[in-house]
Amino acid sequence: MGRAENTDRRRREILEAALACFHVLSYEKTTLADISDHADASIGSIYHLFDGKEQLFAALYLEAIAASQSSSVRALRRKDDLESGVHALVRSYLRWVSRNRKLAGYLLTMRRAEFMSEAESELAELNEAFRRAIGDWLDETGARHELPPIGIDMVLAILIGPSQDFARRWLGGTTQTSLREGAEILARAAWLSLRGLRDA
């Protein structure tokens, strides 16, 4: 294994340790010593990769966003019409939440954390790339003309916003509906909302 691979593996181990500590201790109570112990890494090796706790947790947030968005884009690209694409986006997001509960919980609770101010430009780049990928799919499939006359930001709010709210409550154990059933209901609701706006 080369130096780059070793560095990448160590970075991954440290991020996973940070997530585990966050899940048990919370962000505020987690220290670099906690992460060091959990990752079996020296504090010096952590500082070699991250400037400190804030940058480490911001990097974890950005990786979570990238993983969630990548999952959605892959699901979308397997479809070739708007209705099935809408269903795929909603289902894939909630499937990702189900398979990555700790990471999804972190993502849904830490967006407004103070340390995120340092990562705003990188977050904006990820979000712009996500919107561009959605737009490219709409153009490639010819589905854009089926959308109502609203911006892509509103389309994504309709597609993802309700699912994020449901996921937050599901992760908190306050929903009566299963995630699988919720995904089906929200996917159908998203499609009907877009179709209704288009036909209004």
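The values are calculated or read from the model by the stated rules, or taken from the named source; none is laboratory data. Remember, it's a predicted structure, so these values are computed and weren't measured experimentally. Here the Cβ is made from the backbone with ideal geometry for all residues, glycine too, and neighbour counts use every protein chain on show. Just the protein is used for accessible areas: all its heavy atoms, side chains included, with ligands, DNA and RNA removed. Shrake-Rupley method; radii C 1.70, N 1.55, O 1.52, S 1.80 Å.
Of all residues in segment 153-200 being of a type in the set (S, T, N, Q) and under 21 Å from Asn127 (Cα atoms), which is farthest from the chain's Cα centre (by Cα)? Quick ask: steps written out before the conclusion?
As a first pass, look at segment 153-200 and keep what is of a type in the set (S, T, N, Q): 163-164, 174-178, 193.
Imposing the further condition that a residue be under 21 Å from Asn127 (Cα atoms) reduces the set to 163-164.
Details: Ser163: 12, Gln164: 10 Å.
This residue is Ser163.
For segment 60-67, state whether one or more residues are touching a residue at least 12 places away in the same chain (Cβ under 8 Å), over 21 Å from Asn100 (Cα atoms) and touching a Phe, Trp or Tyr at 6+ places or on another chain (Cβ under 9 Å). Reasoning before the result, please.
Narrowing segment 60-67 to residues touching a residue at least 12 places away in the same chain (Cβ under 8 Å): 60-67.
Within this subset, residues satisfying the condition of being over 21 Å from Asn100 (Cα atoms) are none.
Checked segment 60-67: no residue is touching a residue at least 12 places away in the same chain (Cβ under 8 Å), over 21 Å from Asn100 (Cα atoms) and touching a Phe, Trp or Tyr at 6+ places or on another chain (Cβ under 9 Å).
If you take the residues of segment 1-48 that are crowded, with 16+ Cβ neighbours inside 10 Å and basic (Lys, Arg), which of them is farthest from Ile65 (Cα to Cα)?
Among those that are crowded, with 16+ Cβ neighbours inside 10 Å and basic (Lys, Arg), it is Arg10.
Looking at this structure, is Ser68 in contact with a helix residue (DSSP H, G or I) (Cβ under 8 Å, 6 or more places away or on another chain) and among the polar types (S, T, N, Q)?
yes
Every residue, every condition in (1) within 22 Å of Phe115 (Cα to Cα); (2) among the aromatic types (Phe, Trp, Tyr); (3) touching a residue at least 12 places away in the same chain (Cβ under 8 Å), yes or no:
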{"position": "Arg9", "(1), (2), (3)": "no, no, no"}
{"position": "Leu15", "(1), (2), (3)": "yes, no, yes"}
{"position": "Ala20", "(1), (2), (3)": "yes, no, yes"}
{"position": "Lys29", "(1), (2), (3)": "yes, no, no"}
{"position": "Leu32", "(1), (2), (3)": "yes, no, yes"}
{"position": "Ala41", "(1), (2), (3)": "no, no, yes"}
{"position": "Gly44", "(1), (2), (3)": "yes, no, no"}
{"position": "His48", "(1), (2), (3)": "yes, no, no"}
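Evaluate segment 108-116: report whether one residue or more is over 17 Å from the mean Cα position of the chain (by Cα) and not hydroxyl-bearing (Ser, Thr, Tyr). Before the answer, list the steps.
Applying the first criterion (over 17 Å from the mean Cα position of the chain (by Cα)) to segment 108-116 yields 114-115.
When the remaining residues are screened for being not hydroxyl-bearing (Ser, Thr, Tyr), the result is 114-115.
For segment 108-116, residues over 17 Å from the mean Cα position of the chain (by Cα) and not hydroxyl-bearing (Ser, Thr, Tyr): present.
So which helices (runs of 4 or more DSSP H) stay within segment 94-199 end to end and still have 2 or more residues that are closer than 28 Å to Ala18 by Cβ, touching a residue at least 40 places away in the same chain (Cβ under 8 Å) and open to solvent by 20 Å² or more (accessible area, probe 1.4 Å)? Before you say what the answer is, go through the steps one by one.
Numbers: elements: 101-109, 120-141, 152-171, 179-199.
Answer list for segment 94-199: 101-109, 120-141, 152-171.
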